[in-house]
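Visitor: This is the structure, below, for whatever I ask next.
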Amino acid sequence: MIHKYSLNGYNIVLDVHSGGVSVVDDAAYALLDYLDAPMQEKCPEEILDKLSERFGRDELESAYAELYGMYQDGILFSEDDYEQFADKMVSSPVKAMCLHIAHDCNLRCKYCFASTGDFGHGRKLMDFETGKRAIDFLIEHSGTRRNLELDFFGGEPLMNYEVVKQVVAYARSIEKQHNKNFRFTITTNGVQLTEDKFEFLNKEMSNVVLSIDGRKEVNDRMRPNAGGKGSYDTILPHFQKFVESRGQDQYYVRGTFTRYNLDFAEDVLDLNAKGFDQISVEPVVTDSKYDYALREEDLPKVFAEYERLAKELIRRKKEGKGFNFFHFMIDLDQGPCAIKRLRGCGCGNEYVAVTPDGDIYPCHQFVGMEDWKMGNLYDGTFDLKRKEYFAHANIYGKEECGKCWAKFYCSGGCNANNLQYAGDVLKPYRLACEMEKKRLECAIMIKAAMADTDSE
Amino acid sequence: MTNSKHVKTLNNANLKCSAAKGGCGECQASCQSACKTSCTVANQKCEHEEK
Ligand code: SF4
Ligand code: SF4
Ligand code: SF4
């Protein structure tokens with residue numbers, strides 16, 4: 001299987017199963033319309049005939065010869081022989097946890113999937129005992145995995161900062177004896193991110209996700225406080241100081257774009273102008289009944305915006321002023337192994353979420369969906385059947401994903417979105433797929449453009 | 001990287017070999033990285049010990 005597209009003057013060919021990425025000229029690109037495996041050594045006459053008006057015969061023949069060379073090298077029309085690894089995609093140890101340390105929030109973000117922090121179940125802070133049990137659960141279920149990840153999430157985790165510190169201290173006190181290495185991260189809205197917390201957070205958090213949407217008016221429209229006032233003027237200076245104190249490293253400013261700011265590239269660039277160079281701005285995931293939900297008809301605008309951002313990023317990179325946009329970062333050589341890529345997000349299998357009541361859910365996006373609860377830390381339940389079900393929610397468990405060119409980069413989409421919008425964990429949500437594929441096309445094109453510069 | 005007249009391949013295309021040695025599960029769960037609403041693995045780092 002191949003995927004080919006032209007973008008920003010580059011004809012790009014992705015050979016899906018080998019991961020090979022090539023830039024080809026117009027003759028080779030045109031030939032590919034007619035080719036598939038098995039390729040013959042000589043270009044079939046009828047293909048030469050079909051293209052004879054656009055290209056000379058010699059040109060077509062030499063382009064064909066090079067394509068045939070790629071085919072022989074296994075980087076064109078390479079075979080899908082990954083089914084043999086299906087046994088590596090079964091139930092695995094739990095190694096990552098989203099700890100909902102506070103089901104409460106000091107902002108009232110309109111698109112919040114936690115419905116203003118409480119996930120529809122009343123405001124509540126996690127106590128230390130529950131946090132401690134969560135750590136014990138993770139260690140107990142992590143088998144031989146050494147690196148354990150725990151994200152402090154909410155609501156707003158800093159509303160329960162003392163317990164965050166206690167949980168970290170507890171985990172640190174026992175990690176060595178269990179031969180584990182905890183990696184903590186935190187996702188915060190910044191309201192209470194004051195300097196007195198920097199030292200602890202910088203020491204203990206291997207990554208921090210800082211929520212801000214971009215331009216002031218965009219942020220304030222969707223991220224007001226309980227009194228209806230925008231949060232921008234409070235959080236921006238907090239984030240700027242904090243990022244500075246971390247040496248501009250190991251963080252993301254993370255925004256959401258909605259139908260209200262389809263020109264979201266401006267928000268990305270504005271965040272960069274405010275001093276951030278690790279940026280993630282992502283499409284809102286919400287019920288289509290809301291005015292700000294993205295719709296099918298918005299796709300052309302969203303695509304154009306991703307392209308605009310990609311071109312701007314190339315321009316800046318060439319000037320040595322590049323920054324990282326999370327969804328355009330891609331490593332064509334040293335990225336994760338194919339197994340990891342096929343295995344999916346790990347939700348409900350190697351990743352779980354825990355609420356202040358000690359309830360266990362497949363991931364943070366499932367929290368509050370009673371039907372999907374997997375267990376509880378206090379009564380010791382943990383639904384292994386459901387875990388098994390999620391273990392099979394990998395690329396080969398999702399019919400459309402198996403056939404999709406983006407499968408090794410997207411990994412099968414978001415199970416929670418699939419459930420909410422397509423009605424089934426195993427059915428990809430089309431709108432999300434289209435945007436994911438566009439981002440990938442842009443990310444690969446950026447690589448092509450930069451390779452072009454390098455060889456100039 | 002190969003360089004010829006009509007095609008230029010940008011990478012080693014080593015996905016298949018990565019499968020044989022891969023799957024140790026030590027790398028970050030993808031949703032933990034930044035987004036929390038989507039699954040993108042392409043930008044993650046492998047942490048396998050003997051690579
Ligand atoms: S650490 Fe590397 S080899 Fe192990 S699962 Fe992750 S990507 Fe694959
Ligand atoms: S979720 Fe969508 S984009 Fe991702 S692999 Fe599946 S079909 Fe492709
Ligand atoms: S289901 Fe979606 S939100 Fe949950 S871990 Fe997977 S990608 Fe992330």
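The values are calculated or read from the model by the stated rules, or taken from the named source; none is laboratory data. From a predicted model like this one, the values you see are computed outputs, not experimental measurements. Here the Cβ positions follow ideal geometry from the backbone for every residue, glycine too, while neighbour counts run over all protein chains shown. Please note that ligands, DNA and RNA were not included when accessible areas were found on the heavy atoms of the full protein model with its side chains. Shrake-Rupley method; radii C 1.70, N 1.55, O 1.52, S 1.80 Å.
Visitor: Extending each Cα 7 Å along its Cβ direction at A:D424 and A:D357, get the distance between those two points in nm, one decimal.
Guide: Between A:D424 and A:D357, the label points sit 3.1 nm apart.
Visitor: Take a quick pass over region A:64-177 and tell me how many lysine pairs come in under 20 angstrom between Cα atoms, counting only ones 8 or more apart or on separate chains.
Guide: Qualifying lysine pairs in region A:64-177: 8.
Visitor: Could you list which residues have their amide H under 5 Å from that of A:E149, counting only those 5 or more apart in sequence or on another chain, with H placed in the peptide plane?
Guide: It is A:A96, A:M97, A:R183, by chain and number.
Visitor: What does the charge count around A:E399 come to, taking other residues whose C-beta lies under 13 Å from its C-beta (Lys +1, Arg +1, Asp -1, Glu -1)?
Guide: +2
Visitor: Could you state how much accessible area A:C363 has, in square angstrom rounded to the nearest 10, with a 1.4 Å probe and all protein chains kept in place?
Guide: Result for A:C363: roughly 10 Å² accessible.
Visitor: Seen from all sides and averaged, what is the projected area of the convex hull of the Cα atoms in region A:293-366, in nm²?
Guide: One quarter of the hull surface, i.e. the mean projection, equals 8.5 nm².
Visitor: Would you kindly calculate the translational diffusion coefficient of region A:208-255, applying Stokes-Einstein with the Kirkwood radius from alpha carbon pairs, for 10 °C and a viscosity of 1.306 mPa s, and quote it in µm² s⁻¹ without decimals?
Guide: 143 µm²/s
Visitor: Measuring from label point to label point, each 7 Å out along Cα→Cβ, what is the A:K229 to A:K289 span in nm?
Guide: Simple spin-label model gives 3.3 nm for this pair.
Visitor: Hey, what do the phi angles of region A:282-289 turn into as Karplus ³J(HN,Hα) couplings, whole Hz, using 6.51/-1.76/1.60 and θ = phi - 60°, x for Gly and Pro?
Guide: 10, x, 5, 10, 7, 5, 5, 6
Visitor: Also, quick follow-up: Please compute the average number of Cβ atoms from other chains found within 10 Å of each residue's Cβ in peptide A:338-351.
Guide: Per residue, the number of nearby Cβ atoms from other chains is 6 on average.
Visitor: Which number do you get for Rg(Cα) / (2.2 N^0.38 Å) in region A:1-115?
Guide: 1.74
Visitor: Let me ask you something else. Let me check the size of region A:263-304 from its C-alpha atoms; what are the radius of gyration and Dmax in Å?
Guide: Considering region A:263-304 through its Cα atoms, Rg and Dmax are 12.5, 36 Å.
Visitor: Right, next: Taking the Cβ of A:M435 as the centre, find all other residues whose Cβ is under 15 Å away and add up their charges (Lys, Arg: +1; Asp, Glu: -1).
Guide: Charge balance in the 15 Å sphere: -1.
Visitor: Here's something else I'd like to know. Using modelled amide H (1.01 Å from N, peptide plane; none on Pro or chain starts), what sits under 5 Å from the amide H of A:L7, excluding residues fewer than 5 places away?
Guide: A:I12
Visitor: Further question: Around B:N14, which amide H atoms from residues at least 5 apart in sequence, or from another chain, sit under 5 Å from its own amide H, with H modelled in the peptide plane?
Guide: Answer set, sorted by chain and number: none.
Visitor: What is the distance, in nm, between label points placed 7 Å from the Cα along the Cα-to-Cβ direction at B:H48 and at A:Y5?
Guide: Each label point lies 7 Å from its Cα, and together they span 2.8 nm.
Visitor: Taking only the C-alpha atoms, wrap a convex hull around region A:245-315 and report its volume per residue in Å³ as a whole number.
Guide: 97 Å³
Visitor: Could you give the DSSP H helices of chain A that reach 15 angstrom or more along their long axis (alpha carbon positions) and whose average Kyte-Doolittle hydropathy is no lower than 0.0?
Guide: Span-like helices, by this rule, are A:161-175.
Visitor: Calculate the mean, over all residues of peptide A:409-419, of how many other protein chain Cβ atoms lie within 10 angstrom of the residue's Cβ.
Guide: Shielding by partners across A:409-419 averages 4.
Visitor: Please state the equivalent ellipsoid semi-axes for region A:131-250: what are the square roots of 5 times the Cα gyration tensor eigenvalues, largest first, in whole Å?
Guide: Ellipsoid semi-axes (Å, largest first): 31, 15, 12.
Visitor: Tell me which of A:N207, A:H327, A:Y29 sits at the most positive position along the dipole axis of the protein assembly as shown, charges placed on C-beta atoms (Lys, Arg +1; Asp, Glu -1).
Guide: A:N207
Visitor: Provide the per-residue ³J(HN,Hα) series for region A:246-259, in order, calculated from phi with Karplus coefficients 6.51, -1.76, 1.60 and θ = phi - 60°, each as a whole number of Hz, with x at glycine and proline positions.
Guide: Once rounded to whole Hz, the list reads 8, x, 6, 9, 6, 7, 9, 7, 10, x, 10, 10, 10, 4.
Visitor: If I take the Cα coordinates of chain A and project them onto the principal axes, what are the three extents in Å, biggest first?
Guide: Here the spans come out as 75, 47, 43 Å, largest first.
Visitor: At a probe size of 1.4 Å, how large is the accessible area of B:C17, to the nearest 10 Å²?
Guide: In the full protein context, B:C17 sits at about 80 Å².
Visitor: So what are the radius of gyration and Dmax for the Cα set of region A:359-435, in Å?
Guide: Answer for region A:359-435, Rg first and Dmax second: 13.6, 44 Å.
Visitor: Tell me, what is a quarter of the convex hull surface for the C-alpha atoms of region A:323-369, in nm² with one decimal?
Guide: Hull-based average projected area comes out at 5.2 nm².
Visitor: With every protein chain present, what accessible area does A:R254 have (1.4 Å probe, heavy atoms only), rounded to the nearest 10 Å²?
Guide: A:R254 exposes around 30 Å² with every protein chain in place.
Visitor: Here's another thing I want to ask about it. What does the structure give for A:28-37 when I average, per residue, the other chain Cβ atoms found within 10 Å of the residue Cβ?
Guide: 1
Visitor: Please turn the phi angles of region A:105-112 into ³J(HN,Hα) values with the Karplus equation 6.51 cos²θ - 1.76 cosθ + 1.60 (θ = phi - 60°), one per residue in order, whole Hz, x for glycine and proline.
Guide: 8, 9, 10, 10, 4, 5, 9, 4
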